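The structure appears right after this line, and notes come after that.
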Amino acid sequence: DVKVTQSSRYLVKRTGEKVFLECVQDMDHENMFWYRQDPGLGLRLIYFSYDVKMKEKGDIPEGYSVSREKKERFSLILESASTNQTSMYLCASSSTPWREAAYEQYFGPGTRLTVT
Amino acid sequence: GNSVTQMEGPVTLSEEAFLTINCTYTATGYPSLFWYVQYPGEGLQLLLKATKADDKGSNKGFEATYRKETTSFHLEKGSVQVSDSAVYFCALRDPYGNKLVFGAGTILRVKS
């Protein structure tokens, strides 16, 4: 079974702090994703990575950065946390060949971040 | 651009009732379509999928048919259980990229 783990389930940080959210997958997947989940808005893609050291902006990258130094690990960084970044953050991975129609992402349990 | 619209929730049903959650999409080309489910305190997991028109995805008693003419992928189940209480997300993957586009999610509550 694919396993995607996230470093924390709950996190409370102060405004202005630098925040690191870590995600690790154990199935040698090429693609990894960071989403935020907010009520009524569904999941919105922040960043994704299709290979080590490669990244692409998603729909809402402002205020975030990412790092992928190893294939199994994908980090989301909030350089200076703000209250509007209070949210649920979900990491996902996939190993589907490019353009394959049947495409599945495997999700971690999420990190609920509160910025005060 | 690509988008997914789901019926607003929450949907509250009694056990053994029939479930329909509506999903329509806008996309270029012929996207693959998915339903994901999120149980309380967990991440999302794939429930079912369909990759071309008229395909029917099914799993755990849930079904959805890819209707190209109405750009819809409605989720149905004949008899819901309390354990089906969760958030359900409709999603599409466009054929030219490797990203998923999700709907807003629909909360389902099943009462015993």
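We did not get these values from a lab; they are worked out from the coordinates using the rules stated. Since the structure is predicted, the reported quantities are computational estimates derived from the model, not experimental observations. Note that we place each Cβ from the backbone using ideal geometry, even for glycine, and neighbour counts take in every protein chain shown.
So here's what we get for this one:
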| read-out | value |
| --- | --- |
| Chymotrypsin sites (Phe, Trp or Tyr not before Pro) lying in DSSP loop within segment B:1-83, provided at most 10 other Cβ fall within 10 Å | B:Phe18 |
| Test item: A:30-40 mean partner chain Cβ contacts at 10 Å | 2 |
| Within segment A:5-81, trypsin sites (Lys or Arg not before Pro) in DSSP loop having at most 16 other beta-carbon neighbours inside 10 Å | A:Arg9, A:Arg14, A:Lys18, A:Lys53, A:Lys71 |
| Efficiency of FRET between A:Glu62 and B:Lys52 - r from beta-carbon atoms, R0 30 angstrom, step 0.05 | 0.25 |
| Backbone HN-Hα couplings from phi across segment A:106-111 [Karplus 6.51/-1.76/1.60, Hz, Gly and Pro as x] | 10, 9, x, x, x, 10 |
| Largest-first principal axis extents of the Cα set of chain B (Å) | 43, 27, 21 |
| Reachable aspartates and glutamates from A:Lys13, criterion Cα separation under 16 angstrom, eight or more residues apart if same chain | A:Glu22, A:Glu79 |
| Debye-sum result for the protein assembly as shown in log10 I(q)/I(0), which assumes one identical scatterer on each alpha carbon, at q = 0.09, 0.10, 0.16 Å⁻¹ | -0.37, -0.45, -1.12 |
| Sequence-distant aspartates and glutamates (8 or more away, or on other chains) whose Cα lies within less than 18 Å of B:Lys68 | B:Asp54, B:Asp55, B:Glu76, B:Asp94 |
| Cβ-defined net charge surrounding A:Val19, 14 Å radius [Lys, Arg +1; Asp, Glu -1] | +2 |
| Two-site FRET efficiency, B:Asn22 against B:Val82, from Cβ-Cβ distance with R₀ of 25 Å, rounded to 0.05 | 0.65 |
